[in-house]
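Notes to accompany the following structure.
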Amino acid sequence: MPALPVAARRHDFTAGCPVGAAMQEAHHDADLGPVVGGIVSDWQAALADLIGGSGRTRRESDDLAMLAIGSLEGAIMMARVTRSTAPIDVVVERIAPLLAGE
């Protein structure tokens, strides 16, 4: 995840996550909503599978995956509006130990 703050600065905080942007608008679009929802579900399942390898239950893995994705997507939006990598840095610093089981 160190690449996120670097990319944010390189693009002068103008670029965000395209899926995150679509998530904000997809809730009322009958065609786009299921597609974006499927992408997010796939992300969550893939991350939960990785987390589950550390001896957690499926529910714990799913919850941590959701927490990580939601936190990071929110941090990307906050970084753009504040023009600071601090939100991304804080999320990575706090979420990484949880994902690692520390």
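The values are calculated or read from the model by the stated rules, or taken from the named source; none is laboratory data. Bear in mind that the values here come from a model prediction, so they are computed numbers and not experimental data. In this analysis, Cβ positions are derived from the backbone assuming ideal geometry, glycine residues included, and neighbour counts consider all displayed protein chains. Surface areas here come from the heavy atoms of the whole protein model, side chains and all, with no ligands, DNA or RNA. Shrake-Rupley method; radii C 1.70, N 1.55, O 1.52, S 1.80 Å.
A few remarks follow.
- Top-ranked residue of region 66-83 - restricted to ones that are within 11 Å of the chain's Cα centre (by Cα) and of a type outside the set (Gly, Ala, Ser), ranked as farthest from Leu50 (Cα to Cα): Met77
- Residue tally, condition out of contact with any helix residue (DSSP H, G or I) (no Cβ under 7 Å at 6 or more places or on another chain) and open to solvent by less than 70 Å² (accessible area, probe 1.4 Å), over region 61-87: 4
- Unique match (being more than 24 Å from Leu98 (Cα to Cα) and not hydroxyl-bearing (Ser, Thr, Tyr)) among Asp62, Asp31, Asp49: Asp31
- For first residues located in region 22-43 and in contact (Cβ under 8 Å) with a residue 24 or more places away in the chain, partners that are open to solvent by 60 Å² or more (accessible area, probe 1.4 Å) and in a helix (DSSP H, G or I) and lie 6+ apart or on another chain with Cβ distances below 8 Å form the pairs Val40/Met23.
- Of all residue pairs spaced 6 or more apart or on separate chains, those with beta-carbon atoms under 8 Å, a first member in region 50-78 that is among the charged types (D, E, K, R) and a second member that is in a loop (DSSP other than H, G, I, E, B) and open to solvent by 40 Å² or more (accessible area, probe 1.4 Å) are Arg56/Gly101.
- Residues in region 23-60 that are open to solvent by less than 60 Å² (accessible area, probe 1.4 Å), in a helix (DSSP H, G or I) and farther than 19 Å from Leu72 by Cα: Gly33, Gly52.
- The set of residues from region 85-102 being closer than 22 Å to Ala22 by Cα and at pLDDT below 90 comprises Thr85, Ile88.
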